[in-house]
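Read-outs: derived from the displayed coordinates by stated rules, not from any lab. None of these values were measured; they are calculated from a predicted model. Cβ atoms come from the backbone with ideal geometry, glycine included; neighbour counts cover every protein chain shown.
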Amino acid sequence: MATIDGLPPLREVIRAHDLVAKKQLGQNFLLDLNLTAKIARLAGDLSGCDVLEVGPGPGGLTRGLLAEGARRVLVVEKDPRCVPALEEIAATYPGRLEIVQGDALEIDVAARLNAPIRIVSNLPYNVGTELLIRWLSPGVWPPFWTSLTLMFQKEVAERIVAKPRSDHYGRLALLTQWRAEPRIVMHLPPEAFTPAPRVHSAVVHLTRLDQPRFPADAAVLSRVTAMAFNQRRKMLRSSLKGLGGDVEALLEGVGIKPTQRAEEIGLEQFCALARAVAAR
Ligand code: SAM
């Protein structure tokens, strides 16, 4: 069967390179090239952009990104078995696909990309949240990327976009929404993947803000929110005891009742609290 880029269908690629999915690498592949092209389009206009893709696997999303016109795509794949399949794609798009074989948690490829840079990935579930936090927490802001379009387990996607007083609200929502505008742009059932995972998935598109929404020190905000949500059902006067000093006075000083719980406090108040902690 012909495909848009003249390369073989993904099932054939997987068979030819014997890419039996490995669970420990989070390998749940997208084999429908219409679907991967759609995800690529959700990332916005790619024509003048370099794209970083973590975990290309057999290259379904990579092919979508290239067919949708990305200027250049740099992929980082841990599984060496995938490299020959990716090299076939590189040969079809001369000079537009760079393949790095290794662990995305250990290799920093930002310096190899030219702005504007979009990150688009169907992430391995076991490292997805960790990578998101890293991309949101560089030493200086704004970061090297302008947008992130990332596949997560549905539950993680809901935690990213959650608002106060909802079940999924917590540190991930706060740290993300402080510096970016996240939206869930697509839901996918398990059957969209091969093999099918146990959970539903969702694509989140995040646009970075030029400046964080409210002033605060990133490390202090991270620490205060970690402490507050570690015991999310407890009153803040108790969950934040570890900050030391007069915690009740600290909370009251920024307009938070010491009897309130973390899940009731919005981003603006958490930033005010982080500033008060930093000022002590
Ligand atoms: N992008 C492909 C797709 O949509 O069909 C594959 C997605 S699959 C969910 C995740 C991919 O990430 C796998 O190819 C896996 O080998 C790769 N991977 C897992 N851990 C990784 C890591 N630490 N660094 C880079 N790639 C990783």
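For MET227, MET151, the sequence from fewest to most other C-beta atoms within 10 Å is MET227, MET151.
Take the alpha-carbon centre of segment 152-215, take the same for segment 247-261, and report the distance between them in whole Å. Result: 29 Å between the Cα centres.
Close Lys pairs in the chain (alpha-carbon distance under 26 Å; sequence gap of 8 or more, or different chains): 15.
With neighbour counts taken as other beta-carbon atoms within 10 Å, the residues ILE4, ILE14, ILE133 rank, fewest first, as ILE4, ILE133, ILE14.
Can you give me the P(r) profile for segment 218-279? Cα pairs, bins 5 angstrom wide beginning at 0, each as a whole percent. Taking all Cα pairs of segment 218-279, the binned fractions are 4, 21, 37, 30, 8, 0 percent.
Among GLU77, GLU191, which comes first, then next, by fewest other beta-carbon atoms within 10 Å?
Numbers: GLU77 25, GLU191 8.
Neighbour counts put them in this order, fewest first: GLU191, GLU77.
Candidates ALA272, ILE184, GLY95 compared by Cα position along the dipole of the chain: farthest toward the positive end lies ALA272, with charges placed on Cβ. Could you state the angle between the C-alpha long axis of helix 218-230 and the longest principal axis of the C-alpha atoms of the chain, as a value from 0 to 90 degrees rounded to the nearest 10? Long axis of 218-230 versus the principal axis of the chain: about 80 degrees. Computed from Cα atoms, the angle from the helix 267-279 axis to the main principal axis of the chain rounds to 60 degrees.
For trypsin sites (Lys or Arg not before Pro), the sites in segment 1-37 that DSSP calls loop and that have at most 14 other Cβ atoms within 10 Å are LYS22. Convex hull volume of the C-alpha atoms in segment 10-208, normalised per residue: 109 Å³. Between SER238 and GLU191, residue separation times 0.36 nm minus the direct Cα-Cα distance comes to 12.5 nm. Scattering from segment 166-280 was approximated by placing one identical point on each alpha carbon and applying the Debye formula without solvent; log10 I(q)/I(0) at 0.09, 0.14, 0.18 1/Å stands at -0.31, -0.64, -0.89. Take the Cα gyration tensor of segment 77-128, multiply each eigenvalue by 5, square-root it, and list the three semi-axes largest first, rounded to whole angstrom. So the three semi-axes of segment 77-128 are 19, 17, 11 Å.
Just round it to a whole percent: the fraction of Cα-Cα distances in segment 1-72 exceeding 18 Å. Don't skip to the end; give the middle numbers.
Values: 1000 of 2556 pairs.
Looking at segment 1-72, the distances longer than 18 Å represent 39 percent of pairs.
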